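Notes follow once the structure below has been shown.
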Amino acid sequence: MPMPPEPSNATSRENAATPGNEQALYGMILENIDRAVIAFDQEGRVTLLNPAAEALMERSSKQMRGRHCQELFKDQETLLYLVKVALDEGRSITDDEGLYLHRVNAAPLPVNAYAAPIFASRGNQDGAVMIIRDLSRIRALEDSLRRADRLSMLGTLAAGLAHEIKNPLGGIKGAAQLLSMELGEESALRDYTQIMIKEAERINFIIEELMDLGNPRPPEIGDVDLTRVLNDIILLQKEAARSQSIRFQLKLDPSIPPVQGDESLLTRLFLNLVKNAREAISHDGEVLIETRIASNYHMTGPGRRSSPMVDITISDTGCGIEPEEMERIFTPYFTTKSKGSGLGLAIAQKIIEDHHGLLKIESSPGQGTAMTVSLPLRR
Ligand SMILES: Nc1ncnc2c1ncn2[C@@H]1O[C@H](COP(=O)(O)OP(=O)(O)O)[C@@H](O)[C@H]1O
Ligand SMILES: [Mg+2]
């Protein structure tokens, strides 16, 4: 190892990397990076794991150290293949195509992985190292953007169509009103003209709702106390759920400062999500609302400072969502309910987007759903 240059003054003496503290620095970096680092010996047994690896695998270092990679990544062909190439062929290799890390006690995690041989000082190979990166946040962001994109396209299309329908519809309603007047008070035919007017008004209402989705009012930003908003929603939903036996639970972090947002839009957003959670439960079950400060930061837009996020999770023990329905549930008017409007999630997505937030969905059919809204604390 090359010797560090002679320090020229007292300050640089303190910062200079002597071989001893360089080792310590290596250790500290491993402790602090957010990538999982797992080292294997030449036989493929785990020799070292950093804290991020423990967090990602949801198992302690003690449980994993000494285990063979076959056991650690049981039935995970791609990960095993990466370790094998690094160990047997002595070359580095990456995979980031739709890779999932399967875990014993937790849901599969989208990741990318890199494996490389470790060379000892004399150039002999001495095991391999694997670096795994958690992509769940990135995937959530991509999903959210894709949904927003599709929605804005649909919104533009719908707004155009709605505009085109509104004029002839106005003509129909006007004509029906004239006809009604011509017929006079006593005519039995007036029942029919009343139906025509009422139905024309109903179509008009649907169209206005749709135009609202395509081009809603801009948010009026102020301080929003999430705890109060969520408490109010629960109060209302408890009333609506009287015929079912649903337990509503709130676990709110009292230290969360007010978020910057539009109170009435955020209320509408959480009301839609809590309502969906309640409606997903047929008889009895539980709806849980949790808030917490997320451990990561998020950019709210290009060129902006990144902001800490607050996560609001609404989970239910309801029917869950089938994987093939996952994409469709955000489409306006898609509903699986006899009296559903199918607009709840489309509106929710739009409001989240206007607040520079993210939405993450986890669901198991037959077991329940958790929807997590992440909102930036600063704008
Ligand atoms: N928490 C949930 N659990 C199960 N399914 C859900 C949940 N939230 C939404 N969905 C599904 O998404 C669909 C669309 O939801 P939404 O846009 O709110 O419209 P609506 O509630 O009027 O049907 C619902 O019909 C339902 O199938
Ligand atoms: Mg709904």
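Let me confirm something: among 313, 369, which residue is closer than 22 Å to residue 292 by Cβ, more than 16 Å from ligand 2 (Cβ to nearest atom), of a type outside the set (Asp, Glu) and assigned to a strand (DSSP E or B)?
So the residue among 313, 369 that is closer than 22 Å to residue 292 by Cβ, more than 16 Å from ligand 2 (Cβ to nearest atom), of a type outside the set (Asp, Glu) and assigned to a strand (DSSP E or B) is 313.
Working only within the range 351-379, note down all residues that are under 13 Å from the mean Cα position of the chain (by Cα), among the β-branched types (Val, Ile, Thr) and buried (at least 21 other Cβ atoms within 10 Å of the Cβ).
Matches in the range 351-379: 352, 369, 373.
Look at the range 65-84 and say how many of its residues are touching a strand residue (DSSP E or B) at 6+ places or on another chain (Cβ under 8 Å) and buried (at least 18 other Cβ atoms within 10 Å of the Cβ).
6
Residues being charged (D, E, K, R) and within 13 Å of residue 42 (Cα to Cα): count how many of those fall in the range 102-150. Working first, answer last.
To start, the set of residues in the range 102-150 that are charged (D, E, K, R) comprises 103, 122, 126, 133-134, 137, 139, 142-143, 146-147, 149-150.
Now narrow it down to the ones that are within 13 Å of residue 42 (Cα to Cα): 126.
Adding up the residues that qualify gives 1.
Got a sec? Which of 107, 113 is within 25 Å of the chain's Cα centre (by Cα), surrounded by 17 or more Cβ atoms within 10 Å (Cβ to Cβ) and in the same structural domain as residue 74 (by TED's automatic domain parsing)?
On the way: 107 fails: surrounded by 17 or more Cβ atoms within 10 Å (Cβ to Cβ).
When all the criteria are applied, what remains is 113.
Give me the pairs: first residue in the range 261-288 and more than 10 Å from ligand 2 (Cβ to nearest atom), second residue aromatic (Phe, Trp, Tyr) and outside any loop (DSSP other than H, G, I, E, B), beta-carbon distance under 7 Å, and six or more apart or on different chains, which are they?
287/248
Taking the range 333-358 as the region of interest, how many residues are more than 20 Å from residue 218 (Cα to Cα) and not polar (S, T, N, Q)?
Of the residues in the range 333-358, the ones more than 20 Å from residue 218 (Cα to Cα) are 333-342.
The next check asks that each one be not polar (S, T, N, Q); those that pass are 333-334, 337, 339-340, 342.
Number of matching residues: 6.
Which residue out of 321, 293, 351 is among the aliphatic types (A, V, I, L, M), in a helix (DSSP H, G or I) and modelled with pLDDT of 85 or more?
Sole residue among the options that is among the aliphatic types (A, V, I, L, M), in a helix (DSSP H, G or I) and modelled with pLDDT of 85 or more: 351.
Among the residues of the range 226-238, is there at least one that is surrounded by 13 or more Cβ atoms within 10 Å (Cβ to Cβ), among the polar types (S, T, N, Q) and within 23 Å of residue 361 (Cβ to Cβ)?
There is at least one residue in the range 226-238 that is surrounded by 13 or more Cβ atoms within 10 Å (Cβ to Cβ), among the polar types (S, T, N, Q) and within 23 Å of residue 361 (Cβ to Cβ).
Would you mind stating whether residue 54 is closer than 25 Å to residue 100 by Cβ, surrounded by fewer than 12 Cβ atoms within 10 Å (Cβ to Cβ) and at pLDDT 90 or above?
Numbers: closer than 25 Å to residue 100 by Cβ: yes; surrounded by fewer than 12 Cβ atoms within 10 Å (Cβ to Cβ): no; at pLDDT 90 or above: yes.
No; evaluated as a whole, the condition is false for this residue.
Among the residues of the range 323-335, write down those that are surrounded by fewer than 18 Cβ atoms within 10 Å (Cβ to Cβ) and near ligand 2 (Cβ under 10 Å from one of its atoms).
If the condition is that a residue be surrounded by fewer than 18 Cβ atoms within 10 Å (Cβ to Cβ) and near ligand 2 (Cβ under 10 Å from one of its atoms), then 335 is the only one that fits.
How many residues are of a type outside the set (Gly, Ala, Ser) and touching a Lys or Arg at 6+ places or on another chain (Cβ under 6 Å) if we restrict to the range 124-174? Please lay out each step first, then the result.
We begin by selecting, within the range 124-174, every residue of a type outside the set (Gly, Ala, Ser); these are 124-126, 129-135, 137-139, 141-143, 145-147, 149-151, 153-154, 156-157, 161, 163-169, 172-173.
Still in the running and touching a Lys or Arg at 6+ places or on another chain (Cβ under 6 Å): 131, 133.
Result for the range 124-174: 2.
Each row is one residue, and each column tells you yes or no for (1) of a type in the set (S, T, N, Q); (2) in contact with a Cys (Cβ under 8 Å, 6 or more places away or on another chain); (3) more than 8 Å from ligand 1 (Cβ to nearest atom).
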position: 313; (1), (2), (3): yes, no, yes
position: 321; (1), (2), (3): no, no, no
position: 335; (1), (2), (3): yes, no, no
position: 340; (1), (2), (3): no, no, no
position: 349; (1), (2), (3): yes, no, yes
position: 352; (1), (2), (3): no, no, yes
position: 367; (1), (2), (3): yes, no, yes
position: 371; (1), (2), (3): no, no, no
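Looking at the range 129-147, I want the residues that are under 23 Å from residue 347 (Cβ atoms) and in contact (Cβ under 8 Å) with a residue 40 or more places away in the chain and have a partner that is part of a helix (DSSP H, G or I) and of a type in the set (Val, Ile, Thr) with Cβ atoms under 9 Å, at least 6 apart or on another chain. Which pairs are those?
From residues that are under 23 Å from residue 347 (Cβ atoms) and in contact (Cβ under 8 Å) with a residue 40 or more places away in the chain, the pairs are 144/352.
The values are calculated or read from the model by the stated rules, or taken from the named source; none is laboratory data. Given the structure is predicted, the values throughout are model-derived calculations rather than measurements. Quick reminder, even Gly has a Cβ in these numbers, built from the backbone with ideal geometry, and neighbours come from all protein chains shown.
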